[in-house]
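Here's the structure we're looking at; comments come further down.
Only the coordinates and a few stated rules stand behind these numbers; no lab work does. These numbers come from a predicted model, not from an experiment. All Cβ positions, glycine included, derive from the backbone under ideal geometry; neighbour counts span all protein chains shown.
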Amino acid sequence: MAARIHPFPSKSGGSSDNSGGGPEDPMLAQRVARLEADMSEIKSALVRLDAKFDKLDAKFDGKLGEMDGRLNGKLGAIEGRLSGIEGRIGSVEGRFNQVPTIWGMLGIVATLLIGIAGLMFTGKYFQR
């Protein structure tokens, strides 16, 4: 099998001899000059953007520091309030610990009922 090699056609539409498309092309120099001018404009635009980014970075650093300070202050206030709430919850727990349980209440009621029954019995005994 023979390899099929097709040469690229030139701009003039003729065969692929090296006429018209090489480095001697006068249009190539103009195009390169235009690209170099565009690149210098792009470089100057990048320098301006870099300066603006530096300004933005400085602004953000300042704002972040300010916000960090405010947040730390607010977090400190919240922590203080939470510790106050924890103290009040502890006092409520202490009060609940002093309240008798259901079994304690039943014991108190049973003791009172037995005492009242005893007083009634004693009162009936001395009434005779």
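General observations
- For segment 27-127, the Kirkwood hydrodynamic radius comes to 22.8 Å, computed from all pairs of different C-alpha atoms.
- Segment ALA110-SER91, extension gain: residue separation times 0.36 nm, minus the distance between their alpha carbons: 3.8 nm
- Here the simple spin-label model places points 7 Å from the Cα toward Cβ, and for LEU28 and LEU119 these points are separated by 12.5 nm.
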